[in-house]
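Structure first, then comments.
Coordinate-derived values only; no laboratory data. Everything numeric in this text was worked out from a predicted model, so none of it was measured. Neighbour counts are summed over all protein chains in view; Cβ atoms, including those assigned to glycine, are modelled from backbone coordinates with ideal geometry.
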Amino acid sequence: MSESNTGRGPRWSSRIYLRVDPGDIAVMKFFLEACDNLAFLSTISPHTAVARLVFAPDQEIEVRRFLHAVALETPWTEVWSCRGNEP
């Protein structure tokens, strides 16, 4: 039985680290809120403009679709990602 079928949420979150222009981080947060808080966005380093998206592992496709859709408004570059309980 997969974690998503146990009746409880997943024990681990997936993460994608992005390089985003510092001026676009607030806009990206606004877009995420408009998408029913699909993921949580936090700034890791304002100096290097790295932000972290945290989301449920089974929503990775939706998160990546979101990123593709907002790329024209808020350009970004993926720095690193991990799924579920990966380090």
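Structural remarks
- Loop GluC sites (Glu not before Pro), segment 31-83, which have at most 10 other Cβ atoms in a 10 Å radius of their Cβ (DSSP): GLU73
- Database remark: amide H of ILE44 closer than 5 angstrom to the amide H of VAL50, ALA51, ARG52 (H placed geometrically; neighbours at sequence offset of 5 or more, or on other chains; Pro and chain starts carry no H).
- Summary: within the chain, the longest segment free of trypsin sites (Lys or Arg not before Pro) located in DSSP loops with at most 11 other C-beta atoms within 10 Å is 12-87.
- Along each principal axis, Cα extent of segment 11-82, largest first, Å: 31, 21, 16
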